[in-house]
Amino acid sequence: MNLWRHGVHWLREDLLLNKFSRRLPSKEYRVAIFKPLSLDEMKAKTKVLRRHIVRMTTEAGSGHPSSSMSAVEMVTALFFGGFMQHDPAQPRWNNRDRFILSKGHAVPVLYAALAECGYFPVEELMTLRKLGSRLEGHPNMKRLDCIEASTGSLGQGLSVGVGHALACHMDGLSAHTYVMLGDGEMGEGQVWEALASAEKYKLANLTAIVDQNGYQQTGATKDVLKLTEFQPKIESFGWHVQTINGNDIEQVIAALTIARSIKDRPTAIVSKTQKGFGILPVLAPTGDLNYHGKPLSKELAEKALALLAD
Amino acid sequence: MTIGQAAGLKLGKAVRDAFGTALKELGNEFPTVVTVDGDVGNSTRTEVFAKAFPERGFNVGIAESNMVGVAAGLAAAGKIPVVSSFAAFLTCNAYDQIRMCVAYPHLNVKMVGSHAGISIGEDGASQMAIEDIALMSALPGVAVVVPADAPSTKHLVKGMLEHHGPVYLRCGRIDVPEIYGPDSVLTIGKANQLRDGKNLTIIANGLMVGIALDAAVALEAKGISARVLDLHTVSPIDQEAIVKAVKETGRLVVAEEHLPHGGVGSAVASVTAQLAPCPIEFVNIGNTYAESGDPEGLLKKYGLTAEAIVAAAEKVCSR
């Protein structure tokens, strides 16, 4: 395969010791496929992802752009900040780092990142939600090898992540599993079952990210079912927990770096974000700061794209 | 227990015991097999495997939803997870997880429900899975397997591990008569004819196979010749064997330890309606929940006896 075509131009220093390591079925076989972007480049990438989200959901005429927007900084840092080692030429590589989007309705942000990584052409984003498209309204791992879990029924992704982390641990792989959940999703009891089981097996190779954007379908999360503050609750399950401003990419990078340094227990990042972050000036005049589960009109999309221009 | 006496069968082990033993015996041949339990491994018998392979047995506590999700992750990462609980809790508590995380992505998860049916006895209706076959057969791509005895369980457990894709295996709690010999051949998706007959065919699975064989003996004394077919795989269903039975015997009785709807009876009727219409009578627990009691008393009270099958056979032959 042409590594350069996929933007591969940086190998981890320890792997340069064995330039043939990519061909060896070794436990130590790890390659950083993507050069970490600089901070400025990552900030620019957040705009690229946001533009994709606006365009694809408006083209689809449905979807969850505001739920996607809140998670852009986290997804950008994971996929382009050097935290995720993965390979578009072999999406099921057994030592890849995994990203499971438990809040499956925010899949436009994931499709945008995967397209930017080279898993499929950027133009394909415009097929979102259309009949026959691989880019379904919620993630479908049967349609796309780069999707780690079929989600959309909330509360289930962290359990699947526990399974991945257990398997990687059994096989002596260094792969890390990240699971992104929504704050409304924390109302599902299964999430707390999964938190307890990850602690039991001391899965330091598992990081849960709660994209706490403060809203769910019918209103503010604190009004629907008050589960906050998340940090002490998750800490009480034996996890290492950090709470950050998840729309500040520098804080996101710092938190992900700390999470990877913890070696004795699973880690969580409570990522406090704003739903619709990045296009709030466009959404605010509509009077609907939640803006849940609906695309921008063509007019609003144009305004948003202008706001997100480089 | 008197099941199988009329047919001259000797009492053997429970299907759940045979499952646990078979899994342990296959542990080295299938190195990627792992078990995920909801803290009832000593009831479902996965503990037999987990004790032999402690690094491959996980107990995630009384949390069936998480248990199935964890199994899905393990399967996606290349393992063959065998997830087990009481059939009632596995299929009902974790149904959405089975649908979303196992069936929809067609992952290689093996789901084993023990304590199925009313023959679990004294623990009562809350513990009795009587709707599990309907639930699991409803899911596209999920194989549904109901072994009748210990020897067949051994073969079907191996078949389950070799089968690529989700499988639901239903196990009973109580000891059952041995129907098959150690060298019998059982294949997932292929029904086994246990006795030939020309007036009707009794289709059964699980506990009801031994009872069907008893009924066939009683029918013979009445001058009615009954074929007995063990339909151990409900999905994918063996259409060929069912159509052959209809063509050669003309009538069916379907017996199952399940509700009347969505189980083997419905599956068989759906095949015959389309491919070989014929008179059918159904033997099942009726449209009701059962209760606490001794297994044999329960089977009698809820109509799962050789006498009930004989009556159904006489009725179908009179139609």
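The values are calculated or read from the model by the stated rules, or taken from the named source; none is laboratory data. Here the structure is a predicted model, which means the values were calculated and not measured. Here Cβ is always computed from backbone atoms with ideal geometry, including for glycine, and neighbour counts include all displayed protein chains. Surface accessibility is based on the protein's heavy atoms, side chains included, excluding ligands, DNA and RNA. Shrake-Rupley method; radii C 1.70, N 1.55, O 1.52, S 1.80 Å.
Restricted to Cα atoms, the protein assembly as shown shows a radius of gyration and a Dmax of 27.7, 90 angstrom.
The aspartates and glutamates whose alpha-carbon is closer than 20 Å to the alpha-carbon of A:Lys43, local same-chain residues fewer than 8 away aside, are A:Glu73, A:Glu116, A:Asp211, A:Asp248, A:Glu250, A:Asp310. Peptide B:49-62 has a mean shielding of 2, counted as Cβ atoms of other protein chains within 10 Å of each residue's Cβ. Evaluated with a Cβ-only charge set (Lys, Arg +1; Asp, Glu -1), region B:10-120 carries a dipole of roughly 280 debye about its Cα centre, given to the nearest 20. Between chain B and chain A, roughly 2000 Å² of accessible surface gets buried, counting both sides and using a 1.4 Å probe. On a per residue basis, region B:192-318 carries 38 Å² of accessible surface, using protein heavy atoms and a 1.4 Å probe. The lysines whose alpha-carbon is closer than 18 Å to the alpha-carbon of B:Lys222, local same-chain residues fewer than 8 away aside, are B:Lys198, B:Lys315. Relative to the longest principal axis of the Cα atoms of chain B, the long axis of helix B:64-76 lies at roughly 80 degrees. Taking Cα centre as origin and charging only the Cβ of basic (Lys, Arg, +1) and acidic (Asp, Glu, -1) residues, the dipole magnitude of chain B rounds to 600 debye. Does region B:165-319 come out rounded, prolate or oblate, given a ≥ b ≥ c as the square roots of the eigenvalues of its C-alpha gyration tensor, rounded meaning a/c under 1.5 and, failing that, prolate meaning a/b above b/c? The shape class here is rounded.
On chain A, 53 percent of the accessible area sits on carbon and sulfur atoms, based on a 1.4 Å probe. Of A:Lys272/A:Lys294; A:Lys142/A:Lys275; B:Lys13/B:Lys158; B:Lys51/B:Lys158; A:Lys200/A:Lys275; A:Lys142/A:Lys222, which pairs sit farther than 27 Å apart, going by alpha carbon to alpha carbon? Over 27 Å Cα-Cα: A:Lys142/A:Lys275; A:Lys200/A:Lys275; A:Lys142/A:Lys222.
Taking the helices alone, chain B has a mean residue ellipticity at 222 nm of -10000 deg cm²/dmol, built from -39,500 (n - 2.57) per DSSP H run of at least 4 residues and averaged over all its residues. When both bridge partners sit in region B:192-318, DSSP labels roughly 20% of those beta bridges antiparallel. Compared with its chain on its own, region A:163-178 contains the following residues whose accessible area drops by 30 Å² or more in the full protein assembly (probe 1.4 Å; ligands, DNA and RNA excluded): A:Gly163, A:His164, A:Leu166, A:Ala167, A:Met170, A:Asp171.
Only protein atoms count toward the accessible area here, which uses a 1.4 Å probe; on chain B, the carbon and sulfur part of that area reaches 51 percent. Partner shielding of A:101-114 amounts to 0, given as the average count of beta-carbon atoms from other chains within 10 Å of each residue beta-carbon. Here is the P(r) of chain A: all C-alpha pair distances, binned every 10 Å from 0, give 6, 29, 37, 22, 6, 0 in whole percents.
Solvent-accessible surface of region A:39-307, taken per residue with a 1.4 Å probe and all protein chains present: 35 Å². Taking the Cα centre of the protein assembly as shown as reference, the dipole from Cβ charges on Lys and Arg (+1) and Asp and Glu (-1) amounts to some 1380 debye.
The long axis of helix B:208-221 is offset from the longest Cα principal axis of chain B by roughly 10 degrees. Let me make sure I get this right: for region B:30-155, a, b and c are the square roots of the gyration tensor eigenvalues over alpha carbons, sorted descending. Under 1.5 in a/c it's rounded, otherwise prolate if a/b > b/c, else oblate. Which is it? Taking the square roots of the gyration eigenvalues as a ≥ b ≥ c, region B:30-155 is rounded.
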